[in-house]
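Student: Structure incoming, see below.
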Amino acid sequence: MSSGIFTEWFLPGVWITIQVTLYSAALAAVVAFGVGIARTHRLWIVRFVAGTYFEIFRGTSALVFMLWMAFAFPLMFGWQFVPMAAGVLALGLTYGAYGSEIVRGALQAVTAAQREAGIALSFTRGQRLRRIELPQAWPEMIPPFNNLLIELLKGTALVSVISVADMTFAGNLSRLATSESAPAYTLLLVCYFVIAFALTRGMRALERKAKAGLGQTPKKGPLSGLLSRKLNPEGEMSQARAGTAGGQG
Amino acid sequence: MNWNWDVVSDFMPYFWDGVVVTFQALAIGSLLAFTLGLVWAILQRSHRKWISWPVLSITEFIRNTPLLVQLFFLYYVVPEMGISMSALATGIVGLGLHYSTYTAEVYRAGIDGVPAGQWEAATALSLPRRRTWTSVILPQAFRRVVPALGNYVVAMLKDSPMIAVIGAFEMLGEARAFSNATFTIEAYAVVGVAFIVIAYPASLLIRALERRLVQ
């Protein structure tokens, strides 16, 4: 990679990738908690609407949705997103749908006695959620959220297709400009891996903190800092299920 | 917003071409992912550190980097080393390799789920290592992993549009080319709906399968 492209495009590209990751993760978190909590609501219509959102966004491809937002949306409504906003919206809404399954599962895993105790103490539904259910469900959500965050980071490479100048875009530019592709793409892969590693470390610190709040310590495996999350057999199966359409029947 | 059904019917021949390519990529890619994943999972459990660590590092690297960039790497860098493949073949290898690191985790979880007593029983009967794997562990693990593997096939379907960026024209690639040529938007919507129409029944099927196998 020639030095001009490296400083002019690649370094800003790294920053764009990090920005897109953070913005869409924030949007995805809001959607995941909103939709996830709505899917445990007592009114069936709320559950139904949230469930439909989940199935639609989980059933379609993030790339198709992103291209639709970038190219079809302006023609349909005569109003256009900045490319980066289209990318962030597509990623946030899609990964938020996956995340809602994690939130729902963790909330349902809180033992019924906890909820009943809350009712007995005449907590309102909001109080129960905020003070009893979420604090206990939260540590369970972090390992699957970690994996989802890595998936999201990998998903940000798609924004280069709608010409947002992230680091993948810079890599392609370098191939076109210098007709030499090996250094650019190798550097690109290493960069993504380094960011994924940093995110995993951060999430692990968060998990330690959350578990300490419940008086637990997370299990340590071999290479546990380096690797993506190794889930237990049930966790692995539900992770596979969360990423695909066709939910609770 | 103006929707035109004529555009949709003009797009349909291209759409079916795209569907064929998508399913080709999906079928061969899944086979590749299933077999390679099993190889990774068994090698990762090896007691020899010089086998398990390199395999673990490589699969982690593949798993933590984007499929899109891997496809570029396979399509532009690997031919420089003297192995050149068509765009579709590259796409299939990319999809298969990427998802093999996911199926490896599924196999690992399935093998971990086999009770320790089964290993001990095999040792007590002094079964050879190969026989322990093929007759005791894997048959029990397979029942558990089939639904999760099926789910990853659907996930792979949703990632298959990425192979369009290296010029393998599956559904989305056809839609994009058609829309750019005719300045219309209907093709994107058709493809978007097609994904839901394929993915949703497929995962209901997997769910039924899961209820049957895991009891």
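Student: In region B:184-208, which residues are more than 7 Å from chain A (Cβ to nearest Cβ) and out of contact with any helix residue (DSSP H, G or I) (no Cβ under 8 Å at 6 or more places or on another chain)?
Tutor: B:Val193, B:Val197, B:Pro201, B:Ala208
Student: Can we say A:Ala106 is of a type in the set (A, V, I, L, M), touching a residue at least 24 places away in the same chain (Cβ under 8 Å), in contact with a helix residue (DSSP H, G or I) (Cβ under 8 Å, 6 or more places away or on another chain) and surrounded by fewer than 22 Cβ atoms within 10 Å (Cβ to Cβ)?
Tutor: Judged against the criteria, A:Ala106 is a match.
Conditions tested, residue by residue: (1) among the β-branched types (Val, Ile, Thr); (2) within 28 Å of B:Pro201 (Cα to Cα).
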| site | (1), (2) |
| --- | --- |
| A:Thr7 | yes, no |
| A:Pro12 | no, no |
| A:Leu63 | no, yes |
| A:Pro74 | no, no |
| A:Trp79 | no, no |
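Student: Take the conditions touching a Phe, Trp or Tyr at 6+ places or on another chain (Cβ under 9 Å), within 13 Å of chain B (Cβ to nearest Cβ), buried (at least 19 other Cβ atoms within 10 Å of the Cβ) and among the charged types (D, E, K, R) and apply them to A:Arg39. Does it pass? Full working, then the answer.
Tutor: Working: touching a Phe, Trp or Tyr at 6+ places or on another chain (Cβ under 9 Å): yes; within 13 Å of chain B (Cβ to nearest Cβ): no; buried (at least 19 other Cβ atoms within 10 Å of the Cβ): yes; among the charged types (D, E, K, R): yes.
The answer is no for A:Arg39.
Student: Next up: Hey, can you tell me all the residues within region A:1-44 that are in contact with a helix residue (DSSP H, G or I) (Cβ under 6 Å, 6 or more places away or on another chain) and not hydrophobic (A, V, I, L, M, F, W, C)?
Tutor: Passing the criteria: A:Ser2, A:Gly13, A:Thr17, A:Thr21, A:Tyr23, A:Ser24, A:Gly36, A:Arg39, A:Thr40, A:His41.
Student: So, restricting to helices (runs of 4 or more DSSP H) that lie completely within region A:1-77, which ones have at least 2 residues that are more than 30 Å from B:Asn180 (Cβ to Cβ)?
Tutor: Once the helices (runs of 4 or more DSSP H) in region A:1-77 are filtered for at least 2 residues that are more than 30 Å from B:Asn180 (Cβ to Cβ), what remains is A:11-38, A:44-59.
Student: Got a sec? Which of B:Ala124, B:Ala41, B:Ala87, B:Ala104 is more than 14 Å from chain A (Cβ to nearest Cβ), within 30 Å of B:Val21 (Cβ to Cβ) and hydrophobic (A, V, I, L, M, F, W, C)?
Tutor: Result of the check over B:Ala124, B:Ala41, B:Ala87, B:Ala104: B:Ala87.
Student: Quick check: anything in region A:115-123 among the small types (Gly, Ala, Ser) and in contact with a Gly (Cβ under 8 Å, 6 or more places away or on another chain)?
Tutor: Within region A:115-123, the first condition is being among the small types (Gly, Ala, Ser), and the residues that meet it are A:117-118, A:120, A:122.
Then drop every residue that is not in contact with a Gly (Cβ under 8 Å, 6 or more places away or on another chain), which leaves none.
No, region A:115-123 contains no residue that is among the small types (Gly, Ala, Ser) and in contact with a Gly (Cβ under 8 Å, 6 or more places away or on another chain).
Student: Return the residues of region A:184-213 that are farther than 17 Å from A:Asp166 by Cα, surrounded by 15 or more Cβ atoms within 10 Å (Cβ to Cβ) and touching a residue at least 40 places away in the same chain (Cβ under 8 Å); say none if nothing qualifies.
Tutor: If the condition is that a residue be farther than 17 Å from A:Asp166 by Cα, surrounded by 15 or more Cβ atoms within 10 Å (Cβ to Cβ) and touching a residue at least 40 places away in the same chain (Cβ under 8 Å), then A:Leu199, A:Thr200, A:Met203, A:Arg204, A:Leu206, A:Glu207, A:Ala210, A:Lys211 are the ones that fit.
Student: Inspect all residues belonging to region B:202-214 and state whether any of them is within 30 Å of A:Ala72 (Cα to Cα), touching a Leu at 6+ places or on another chain (Cβ under 9 Å) and part of a helix (DSSP H, G or I).
Tutor: Yes, because at least one residue in region B:202-214 is within 30 Å of A:Ala72 (Cα to Cα), touching a Leu at 6+ places or on another chain (Cβ under 9 Å) and part of a helix (DSSP H, G or I).
Student: Ok, one more. Suppose we filter A:Phe54, A:Phe71 for residues that are within 14 Å of chain B (Cβ to nearest Cβ), surrounded by 20 or more Cβ atoms within 10 Å (Cβ to Cβ) and within 24 Å of B:Met171 (Cα to Cα); which single one remains?
Tutor: A:Phe54
Student: Within region A:199-213, is even one residue out of contact with any strand residue (DSSP E or B) (no Cβ under 8 Å at 6 or more places or on another chain), within 11 Å of another protein chain (Cβ to nearest Cβ) and modelled with pLDDT of 85 or more?
Tutor: Checked region A:199-213: at least one residue is out of contact with any strand residue (DSSP E or B) (no Cβ under 8 Å at 6 or more places or on another chain), within 11 Å of another protein chain (Cβ to nearest Cβ) and modelled with pLDDT of 85 or more.
Conditions tested, residue by residue: (1) under 22 Å from A:Val20 (Cα atoms); (2) free of Cβ contacts under 8 Å to residues at least 12 places away in the same chain; (3) of a type outside the set (Phe, Trp, Tyr).
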| residue | (1), (2), (3) |
| --- | --- |
| A:Gly51 | no, no, yes |
| A:Leu67 | yes, no, yes |
| A:Val88 | yes, no, yes |
| A:Val110 | no, no, yes |
| A:Ile119 | no, yes, yes |
| A:Gly126 | no, yes, yes |
| A:Ile132 | no, no, yes |
| A:Trp138 | no, no, no |
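The values are calculated or read from the model by the stated rules, or taken from the named source; none is laboratory data. Computed from a prediction, not measured in an experiment: that's the story for all the values here. Ideal geometry is used to build each Cβ from the backbone, glycine not excepted, and the neighbour counts take in all protein chains shown.
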